Amino acid sequence: MWKGRFQEATSSLLTQYGESISFDWRLYKQDIAGSCAHARALERKGIITHDELAQIVDGLEAIEHEITEGKFEFDIQLEDIHMNIEAELTKRIGNTGAKLHTARSRNDQVALDLRLYCRDETASITQKLRSMQSALVTCGSKFSNAVLPGYTHLQRGQPVLFAHHLLAYVEMFERDAARLEDALERIDVMPLGSGALAGSTIALDRDFIAGQLGFKAVSQNSMDAVSDRDFVAEFLFNLAMIGAHLSRLSEDIILWCSSEFGFVTLDDAHTTGSSLMPQKKNPDIAELTRGKSGRLYGNLMSMLTTLKGLPMTYNRDLQEDKQPLFDSIDTAGAALEISAEMIAGMQVNEVTAREACSDSMLFATDIADYLVKKGVPFREAHEVVGKLTAYSLEQNTAFPKIKLESYQGFSEQFDASVFDLFEIDSALAARSAIGAPSPQNVENRLVYWGKKLEDR
Ligand code: ARG
């Protein structure tokens, strides 16, 4: 493409070092859509005829079809997807093909392709987030009576409904989807026409191109437009955050299906055995997902680091944006898909989980609240229950087994009604403020999410 200026052939090491076709071939649909829109703008400007436009569009469509079918041969001598497609087009339709790159540089072309790609992938990741949310809501509804201890510091804290725990993740994935949607605002900006860095003396109708490709806005600074990869970094952050949420869910599931917890059982299709220990049933999906969050963070770091030292405008370093982006999209997408499938096959061991809530220590806060309702200041109530807890441990006697007289030794406010506290279902029902895990609230949220996800 630059043979006019050069006398020597490119070193074969450089050809291999610099090629991006092995990974940017993925942008072929976006590249062709961008080229068709560009060609239409060239026709409007009178640079190509109506007939030439038709040849270009037909030629590009035929190439697209062949790539989709796996019949197209990419050539690493042609470095990237842009030159592979353009060279092939020119081979097929001759001189007309050579007119396509008028008023365009690969710098604005690749920026365009990437934005179109991120736009498409935003939709596909959002779809996968929705499916993940649906799997969680379905599982929560299936085991709507299940309770388990809620933890802080990985110490048993207070009993909660299992569905409330799952719905926490539904909220997290909702924020992830909202972040992706918000980021679209910055992705959805049309950079073509920025040329290499300073536009072109052939001024095309950029609004027309944007309209063809369904862009909401047109970039306003050609230098920024060819060097901006903020939207890639932002997308990578959003995918890393999804990774963080998936990793936390995975960790919960790994704990829950250990013998120590035993709250859930994963199905055979979503676990693996051990080649040595016959008894093992391992939560590999959850472990892999927890592990893959590291890759998602790494890809974000990689993009940010690539950007930090770049002088304006386009620098070849920017070619390094694609592999992290593609890898994160693949990784987060696959993790969402398989995690949803794993959740769908998960069983809750309701008896074991409820049993874990029978530890009466989980009701210590309820005892303090009981005293508050009888007029004791909370700090004092907290101290009373602290002493009561120490007594219970010392005497090796659970709260329900402690004698009323002993209770009254700690506070005169105790009467026989204290024993009503140690019943999980009524303890949960009392937690009725917005966002708290009363069965009624949780039921309402399950219905809310079920409907919302269905409407989408
Ligand atoms: N393969 C390049 C990339 O991915 C395309 C742009 C190349 N531009 C250039 N002036 N060498 O960034």
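Summary table below
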item: Qualifying residue in region 303-314 (condition: surrounded by 13 or more Cβ atoms within 10 Å (Cβ to Cβ) and away from the ligand (no atom under 16 Å from the Cβ)); result: yes
item: Unique residue being at pLDDT 95 or above and more than 22 Å from residue 337 (Cα to Cα) when the list is 100, 129, 136; result: 100
item: Positions within region 165-191 being part of a helix (DSSP H, G or I) and among the aliphatic types (A, V, I, L, M), in sequence order; result: 166, 167, 168, 170, 172, 177, 178, 180, 183, 184, 187
item: Out of 255, 239, sole residue that is within 15 Å of residue 172 (Cβ to Cβ) and not in a loop (DSSP other than H, G, I, E, B); result: 239
item: Candidate set from region 324-335 (those that are out of contact with any Asp or Glu (no Cβ under 9 Å at 6 or more places or on another chain) and either away from the ligand (no atom under 16 Å from the Cβ) or open to solvent by 60 Å² or more (accessible area, probe 1.4 Å) (or both)); member that is nearest to residue 264 (Cα to Cα); result: 335
item: Region 176-187, residues that are open to solvent by 10 Å² or more (accessible area, probe 1.4 Å) and in contact (Cβ under 8 Å) with a residue 60 or more places away in the chain; result: 179, 184
item: Pick from region 90-106, criterion within 28 Å of residue 321 (Cα to Cα) and open to solvent by less than 30 Å² (accessible area, probe 1.4 Å), ranking: nearest to the ligand (Cβ to nearest atom); result: 105
item: Region 257-268, residues that are surrounded by 13 or more Cβ atoms within 10 Å (Cβ to Cβ) and free of Cβ contacts under 8 Å to residues at least 40 places away in the same chain; result: 257
item: Single residue of 112, 161, 166, 116 found to be buried (at least 24 other Cβ atoms within 10 Å of the Cβ) and within 16 Å of the ligand (Cβ to nearest atom); result: 112
item: Leading residue by the ranking (nearest to the ligand (Cβ to nearest atom)) among those in region 286-302 that are open to solvent by less than 70 Å² (accessible area, probe 1.4 Å) and among the aliphatic types (A, V, I, L, M); result: 300
item: Test for residue 353: is it small (Gly, Ala, Ser) and touching a strand residue (DSSP E or B) at 6+ places or on another chain (Cβ under 9 Å); result: yes
item: Matching option when the condition is of a type in the set (A, V, I, L, M), open to solvent by 60 Å² or more (accessible area, probe 1.4 Å) and out of contact with any Asp or Glu (no Cβ under 7 Å at 6 or more places or on another chain), among 390, 364, 430, 368; result: 430
item: From 423, 380, residue being open to solvent by 70 Å² or more (accessible area, probe 1.4 Å) and either more than 18 Å from residue 149 (Cα to Cα) or in contact with a Leu (Cβ under 7 Å, 6 or more places away or on another chain) (or both); result: 380
item: Residue satisfying all of: in region 336-355; within 30 Å of residue 155 (Cβ to Cβ) and open to solvent by less than 10 Å² (accessible area, probe 1.4 Å); nearest to the chain's Cα centre (by Cα) among these; result: 339
item: Test: residue in region 41-58 that is more than 16 Å from the ligand (Cβ to nearest atom) and more than 24 Å from residue 202 (Cα to Cα); result: yes
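The values are calculated or read from the model by the stated rules, or taken from the named source; none is laboratory data. It should be emphasised that the depicted structure is a prediction, and the values quoted were computed from it without experimental measurement. FYI the Cβ positions are ideal-geometry reconstructions off the backbone, even for glycines, and counts take in every protein chain you see. These area figures cover heavy atoms from the full protein model, side chains too; ligands, DNA and RNA do not enter into them. Shrake-Rupley method; radii C 1.70, N 1.55, O 1.52, S 1.80 Å.
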